[in-house]
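*Asks:* Okay, handing you the structure first.
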Amino acid sequence: MQPLRNRRVVLGITGGIAAYKSAETARRLVGLGAEVQVVMTRGAQQFVTPLTLQALTGRAVRTDLLDADAEAAMGHIELARWAELVVVAPATAHFIGRLAGGLADDLLTTTCMATAAPIAVAPAMNQQMWKAPATRRNVGLLEHDGVRLWGPGEGEQACGDIGAGRMLEADDIAARVVALLQPGAALAGRHVVVTAGPTREPIDPVRYISNHSSGKQGFAIARAARDAGARVTLVAGPVELPTPVGVDRVDVVSAREMLAAARSAVKDADVLIAVAAVADYRPETVATQKLKKQPGADDCRSVELVANPDIVATLTAERPGLFSVAFAAETERLLEHARAKLERKGVAMIVANDVSDATIGFGSDANRVTILEADGEIPLPRDDKDAVARELIAHIAARLERRAVARTDNAAGS
Ligand code: PMT
């Protein structure tokens with residue numbers, strides 16, 4: 001499948017160690033059908049040769065603003081008009097500063113300033129540089145100007161530091177390009193099952209144990225998966241939300257009902273995204289009649305609780321090919337607890353959500369999460385739940401793409 005067939009992408013490469021990854025980014029984009037025009041800064045050419053990129057894209061790499069030959073063929077304004085998308089990967093702190101400051105002093109910044117196409121930058125730099133006040137300011141300006149920020153990820157860096165600043169992998173970038181230019185294609189042909197909302201565990205006919213989940217984040221993810229071309233089954237606990245158009249919804253109440261519905265849905269699914277806030281425990285026995293108050297000052301009762309099945313862990317173990325994503329709602333030591341859940345539940349990815357902050361998490365319209373995988377972390381910026389959902393779906397699509405490529409390579413014996 002070539003979702004980017006005939007789509008025109010300018011790939012800007014700036015001078016950082018992550019420039020070596022740009023060859024793979026170009027290869028992935030070309031493999032998806034895109035026409036890729038590489039523009040390299042002077043610094044980038046110290047890390048990777050234009051010849052490599054030319055061989056991969058089949059187009060002469062552009063490096064100079066005042067290149068008479070290139071200007072005759074496609075001037076920088078024409079290049080800016082030709083582009084349907086400009087992706088700068090890697091984007092160094094220096095480049096980000098120049099773009100934020102409007103310094104049109106080379107071909108790449110000029111192209112960015114002259115284009116009406118969307119611009120995305122994938123930052124790559126040392127974690128301390130990423131945290132530096134000047135970078136914070138410049139990134140803020142770019143976001144304000146509508147430039148998309150893809151990453152950076154967190155983890156071990158080329159310099160040995162650990163922290164935020166690692167450029168996203170080539171398949172992540174490629175999946176984001178697909179999501180942007182061909183929004184209905186990233187998950188085309190996939191079946192995605194999403195669990196959402198709370199569960200209710202009855203104590204008696206009128207009372208139950210539950211939590212504050214509104215279902216907003218799970219429903220947003222179902223919509224984003226649908227918009228990315230997937231067939232979506234939404235297993236929803238009791239929430240007051242309309243069913244997203246085009247999504248199959250199965251309503252449940254308790255954790256055991258949710259397990260049964262999700263188990264049936266994942267039979268032919270590619271992806272399970274467990275966003276539901278499932279009650280970990282349920283009353284051991286459910287009173288058939290409403291429990292009555294006992295007269296007297298020392299009236300107290302205890303309810304014996306038993307553990308509910310862990311839905312995402314159970315289904316991940318039952319269906320080894322399933323790409324499972326869990327959420328972790330935490331009130332303290334967010335990343336530490338989330339990582340422990342990643343391992344315990346056997347999922348490919350966990351999305352850490354700090355629910356101690358009432359403005360993100362339960363019931364809110366906004367969210368701020370960090371994606372954790374075995375080999376790294378990607379903090380997503382605070383945004384509305386739809387935007388968070390789109391980012392997450394783009395990330396999942398990238399992982400599925402990577403898995404498909406690995407399988408093809410294995411089958412070919414490479
Ligand atoms: O619904 P909203 O109001 O929009 O709020 C969104 C949210 C805060 C509910 C959501 O972003 C979120 O964090 N969901 C996970 C809630 C949760 O219960 O987390 P947990 O850390 O207890 O569970 C970890 C994971 O295991 C979750 O993917 C959960 O769905 C799953 N789980 C938990 C218990 C269980 N018995 N079975 C499960 O599958």
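Nothing in this text is a laboratory measurement; each read-out follows from the coordinates by a stated rule. These numbers were taken from a predicted model, which means no experiment stands behind them. A quick note on method: Cβ atoms are made from the backbone with ideal geometry, for glycine too, and the neighbour counts reach across all protein chains shown.
*Asks:* What does the charge dipole of region 208-279 about its Cα centre add up to, to the nearest 20 debye, if the Cβ of each Lys and Arg holds +1 and the Cβ of each Asp and Glu holds -1? Working shown, then result.
*Replies:* Working: 8 positive and 7 negative charges, 11 e Å.
Magnitude of the dipole: close to 60 debye.
*Asks:* Can you tally the net charge around residue 181? Count Lys and Arg as +1, Asp and Glu as -1, for every other residue whose Cβ sits under 11 Å from the Cβ of residue 181.
*Replies:* Values: positive: 5, 7, 8, 176; negative: 84.
Every neighbour counted, the sum reads +3.
*Asks:* A follow-up question, please. Full extension from residue 357 to residue 340: what is 0.36 nm times the residue separation minus their Cα-Cα distance, to one decimal in nm? Please list the in-between numbers first.
*Replies:* Numbers: separation 17, 0.36 × 17 = 6.12 nm, distance 2.11 nm.
Residue separation times 0.36 nm, minus the Cα-Cα distance, leaves 4.0 nm.
*Asks:* If you place +1 on the Cβ of every Lys and Arg and -1 on the Cβ of every Asp and Glu, how big does the dipole about the Cα centre of region 272-334 come out, in debye to the nearest 20? Walk me through the numbers on the way to the answer.
*Replies:* Numbers: 7 positive and 9 negative charges, 58 e Å.
With Lys and Arg at +1 and Asp and Glu at -1, about 280 debye.
*Asks:* Between residue 204 and residue 82, how many nm apart are label points set 7 Å from Cα along the C-beta direction?
*Replies:* With each label placed 7 Å out from Cα toward Cβ, I get 7.6 nm.
*Asks:* For the chain, what are the DSSP H helices with axial Cα length of 24 Å or more and mean Kyte-Doolittle hydropathy of at least 1.6? Don't jump to the answer; show the numbers that get you there.
*Replies:* Working: long enough: 385-411 (39 Å, -0.31).
Helices passing the filter in the chain: none found.
*Asks:* Another question, if that's okay. What Kirkwood hydrodynamic radius, in Å, does region 1-66 give when the mean of 1/r is taken over all pairs of distinct Cα atoms and then inverted? Don't jump to the answer; show the numbers that get you there.
*Replies:* Details: mean 1/r = 0.0852 Å⁻¹.
Mean inverse Cα-Cα distance, inverted, gives 11.7 Å.
*Asks:* Another question, if that's okay. Wrap a convex hull around the Cα atoms of region 1-119, take a quarter of its surface area, and give that in square nanometres.
*Replies:* On the way: hull surface 26.5 nm².
Value for region 1-119: 6.6 nm².
*Asks:* Another question about this same structure. Let me know the charge dipole size of the chain about its Cα centre in debye, to the nearest 20, where only the beta-carbon of Lys, Arg (+1) and Asp, Glu (-1) is charged.
*Replies:* On the way: 47 positive and 50 negative charges, 141 e Å.
So the magnitude is around 680 debye.
*Asks:* Still on this structure, I have one more. Can you tell me the order of 177-190, 332-345 when each peptide is scored by its average per-residue count of other Cβ atoms within 10 angstrom, highest first? Don't jump to the answer; show the numbers that get you there.
*Replies:* Working: 177-190: 20.8, 332-345: 15.4.
Ranking, from highest mean packing down: 177-190, 332-345.
*Asks:* Separate question: In the chain, what is the count of Lys pairs whose alpha carbons are under 30 Å apart, counting only pairs at least 8 residues apart or on separate chains?
*Replies:* 12
*Asks:* Counting DSSP beta bridges in region 196-257, what percent are antiparallel, to the nearest 5? Don't jump to the answer; show the numbers that get you there.
*Replies:* Working: 3 of 8 bridges.
Here the antiparallel bridges make up roughly 40 percent for region 196-257.
*Asks:* Now for a different question. Stick to the Cα atoms of region 158-315, pair each with every other, and give me the Kirkwood hydrodynamic radius in Å at one decimal.
*Replies:* Working: mean 1/r = 0.0552 Å⁻¹.
Value: 18.1 Å, from the Cα pair sum.
*Asks:* Quick one: which of 370-383, 111-124, 224-237 comes out on top by average Cβ neighbours within 10 Å, and what's the full order, highest first? Write down the numbers at each step before the final one.
*Replies:* Numbers: 370-383: 16.7, 111-124: 21.4, 224-237: 25.3.
Top of the packing list down: 224-237, 111-124, 370-383.
*Asks:* Determine the sum of side-chain charges near residue 32: Lys and Arg each +1, Asp and Glu each -1, restricted to other residues whose C-beta is under 12 angstrom from that of residue 32.
*Replies:* On the way: positive: 5, 7, 27, 28, 176; negative: 35, 171, 401.
My count for the surroundings of residue 32 gives +2.
*Asks:* Can you tell me what share of the DSSP beta bridges in the chain is antiparallel? A percent to the nearest 5 is fine.
*Replies:* Working: 21 of 63 bridges.
Given both bridge residues lie in the chain, the antiparallel proportion sits at roughly 35 percent.
*Asks:* Pull out the extension gain between residue 331 and residue 387, defined as 0.36 nm times the separation in residues minus the alpha carbon to alpha carbon distance; nm, one decimal. It would help to have the intermediate numbers written out before the result.
*Replies:* On the way: separation 56, 0.36 × 56 = 20.16 nm, distance 2.28 nm.
Full extension of this stretch gives 17.9 nm more.
*Asks:* Calculate, for residue 136 and residue 314, the FRET efficiency according to 1/(1 + (r/R0)^6) with r their C-beta to C-beta distance and R0 41 Å; round to the nearest 0.05. List each step's numbers first, then the result.
*Replies:* Numbers: r = 43 Å, r/R0 = 1.05.
My answer for the efficiency is 0.45.
*Asks:* A follow-up question, please. Which whole-number percent of Cα pairs in the chain have a distance greater than 38 Å? Before the final figure, lay out the partial values.
*Replies:* Details: 24304 of 85491 pairs.
Of the Cα pairs, 28 percent sit more than 38 Å apart.
*Asks:* Highest mean first, how do 37-49, 351-363 rank when packing is the count of other Cβ atoms within 10 Å averaged over residues?
*Replies:* The densest-packed peptide leads the list: 37-49, 351-363.
*Asks:* Follow-up question, since we're still on this one. For the pair residue 303 and residue 212, how long in nm is the line joining their label points, each one 7 Å along Cα→Cβ?
*Replies:* 1.9 nm
*Asks:* If R0 is 25 Å, what FRET efficiency do you get for residue 253 and residue 411 from their C-beta distance, rounded to 0.05? Could the numbers behind the result be given before it?
*Replies:* Numbers: r = 44 Å, r/R0 = 1.76.
Taking R0 as 25 Å, the efficiency between residue 253 and residue 411 is 0.05.
*Asks:* While we're on this one: Which of the listed residues, 187, 224, 260, is farthest toward the dipole's positive end in region 180-293, when Lys, Arg count +1 and Asp, Glu count -1 at the beta-carbon?
*Replies:* Looking along the dipole axis, the top candidate is 260.
*Asks:* Explain nothing, just the number: relative contact order of region 272-398, from Cα pairs under 8 Å at least 6 residues apart, as a whole percent.
*Replies:* Details: 183 pairs, mean separation 21.2, N = 127.
The normalised contact order for region 272-398 reaches 17 percent.
*Asks:* For n ≥ 4 DSSP H runs only, could you compute -39500 (n - 2.57) per run for the chain, divide by its residues and tell me the 222 nm figure to the nearest 500? Working shown, then result.
*Replies:* Working: 15 runs with 152 residues, N = 414.
Rounded to the nearest 500, it is -11000 deg cm²/dmol.
*Asks:* Another question, if that's okay. Take the alpha carbon atoms of region 4-51, find their center, do the same for region 208-261, and report the distance between the two centers in whole angstrom.
*Replies:* For region 4-51 versus region 208-261, the Cα centre distance is 39 Å.
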